[in-house]
């Protein structure tokens, strides 16, 4: 994608195909669709990206959605977004790649797996990385949950999965990589998926349906 505030600058994030009514929804972070007051342009989703390989193609977004709190003031507690992508070759996204489940209003402090494509050193954005552990509350400046995780920039928007099955790779998206404090690079924080996140998801999954 290119950033809306500077059409000449490319940016990268991580996103997840999720089960949805229109079979076309990607969940990511709010700042992965809108930053510094402008929506990104030329937004595409590349499922299964691996060291330059695009096994399932490139899926352009037709609609970008975020919470009202992120849209109006980029409130970090609501750094949540969804993209609706166009069908390719007559097939919708999750018909081709499948989708993770989505969970809202869950208890805090649960065992969680976080995934992303970190691009900042020591990573280069070419491969999927994960962290796992029990989440903890951020008592500093947000209402987010934290996770011990060394992922860097580029992993933003990557899914936090509950009930992750290591053999199938399936789980329930319950947050996304959002931000880090400079003084605590080993902690990643993600927004709580409550009513606001659910509203974004529901709007996205009904987009394009009559």
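Kindly list the number of the only condition in (1) under 21 Å from residue 85 (Cβ atoms); (2) surrounded by fewer than 24 Cβ atoms within 10 Å (Cβ to Cβ); (3) not assigned by TED's automatic domain parsing to the domain that holds residue 79 that fails for residue 202.
Only one criterion in (1) under 21 Å from residue 85 (Cβ atoms); (2) surrounded by fewer than 24 Cβ atoms within 10 Å (Cβ to Cβ); (3) not assigned by TED's automatic domain parsing to the domain that holds residue 79 is unmet by residue 202, namely (3).
Tell me, please, whether a residue that is under 15 Å from the mean Cα position of the chain (by Cα), buried (at least 18 other Cβ atoms within 10 Å of the Cβ), outside the structural domain of residue 173 (by TED's automatic domain parsing) and farther than 29 Å from residue 165 by Cα can be found in region 18-28.
The answer is no; no qualifying residue exists.
Which count do you get for residues in region 82-96 that are under 12 Å from residue 45 (Cβ atoms) and crowded, with 16+ Cβ neighbours inside 10 Å?
7
One line per residue, one yes/no per condition, for (1) in contact with a helix residue (DSSP H, G or I) (Cβ under 6 Å, 6 or more places away or on another chain); (2) at pLDDT 95 or above; (3) closer than 15 Å to residue 179 by Cβ; (4) surrounded by 14 or more Cβ atoms within 10 Å (Cβ to Cβ):
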{"site": "107", "(1), (2), (3), (4)": "no, yes, no, no"}
{"site": "110", "(1), (2), (3), (4)": "no, yes, no, yes"}
{"site": "115", "(1), (2), (3), (4)": "no, yes, no, yes"}
{"site": "121", "(1), (2), (3), (4)": "no, no, no, no"}
{"site": "124", "(1), (2), (3), (4)": "no, no, no, no"}
{"site": "130", "(1), (2), (3), (4)": "no, yes, no, yes"}
{"site": "135", "(1), (2), (3), (4)": "no, yes, yes, yes"}
{"site": "146", "(1), (2), (3), (4)": "no, yes, yes, yes"}
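Please determine whether any residue of region 159-174 is surrounded by 17 or more Cβ atoms within 10 Å (Cβ to Cβ), more than 15 Å from the chain's Cα centre (by Cα), touching a residue at least 24 places away in the same chain (Cβ under 8 Å) and over 30 Å from residue 22 (Cα atoms).
Looking only at region 159-174, we keep the residues that are surrounded by 17 or more Cβ atoms within 10 Å (Cβ to Cβ), and these are 159-162, 164, 171-174.
This time we only want the ones that are more than 15 Å from the chain's Cα centre (by Cα), so: 164.
Subsequent filtering for residues that are touching a residue at least 24 places away in the same chain (Cβ under 8 Å) retains 164.
Among the residues that remain, those that are also over 30 Å from residue 22 (Cα atoms) are: none.
Taking every residue of region 159-174 in turn, none turns out to be surrounded by 17 or more Cβ atoms within 10 Å (Cβ to Cβ), more than 15 Å from the chain's Cα centre (by Cα), touching a residue at least 24 places away in the same chain (Cβ under 8 Å) and over 30 Å from residue 22 (Cα atoms).
Does residue 68 count as out of contact with any strand residue (DSSP E or B) (no Cβ under 6 Å at 6 or more places or on another chain), surrounded by fewer than 18 Cβ atoms within 10 Å (Cβ to Cβ), at pLDDT 95 or above and farther than 22 Å from residue 154 by Cα? Reasoning before the result, please.
On the way: out of contact with any strand residue (DSSP E or B) (no Cβ under 6 Å at 6 or more places or on another chain): yes; surrounded by fewer than 18 Cβ atoms within 10 Å (Cβ to Cβ): yes; at pLDDT 95 or above: yes; farther than 22 Å from residue 154 by Cα: yes.
The answer is yes for residue 68.
Residues of region 117-134 being free of Cβ contacts under 8 Å to residues at least 40 places away in the same chain and in a loop (DSSP other than H, G, I, E, B), which ones?
First, pick out the residues of region 117-134 that are free of Cβ contacts under 8 Å to residues at least 40 places away in the same chain: 118, 120-124, 129-130, 132-134.
If the condition is that a residue be free of Cβ contacts under 8 Å to residues at least 40 places away in the same chain and in a loop (DSSP other than H, G, I, E, B), then 118, 120, 121, 122, 123, 124 are the ones that fit.
Need the failing condition index for residue 95 against (1) more than 18 Å from residue 190 (Cα to Cα); (2) in contact (Cβ under 8 Å) with a residue 60 or more places away in the chain; (3) in a loop (DSSP other than H, G, I, E, B), just the number.
Checking residue 95 against (1) more than 18 Å from residue 190 (Cα to Cα); (2) in contact (Cβ under 8 Å) with a residue 60 or more places away in the chain; (3) in a loop (DSSP other than H, G, I, E, B), the one that fails is (3).
Just checking, does region 29-48 include any residue being under 22 Å from residue 165 (Cβ atoms) and modelled with pLDDT under 95?
Initially, region 29-48 is screened for residues under 22 Å from residue 165 (Cβ atoms), giving 47-48.
So of that shortlist, the ones also modelled with pLDDT under 95 come out as 48.
Checked against the condition, which is being under 22 Å from residue 165 (Cβ atoms) and modelled with pLDDT under 95, region 29-48 yields at least one hit.
The values are calculated or read from the model by the stated rules, or taken from the named source; none is laboratory data. Because the structure is a prediction, the values reported are computed rather than measured. Glycine gets a Cβ as well: all are built from the backbone with ideal geometry, and neighbour counts include every protein chain shown.
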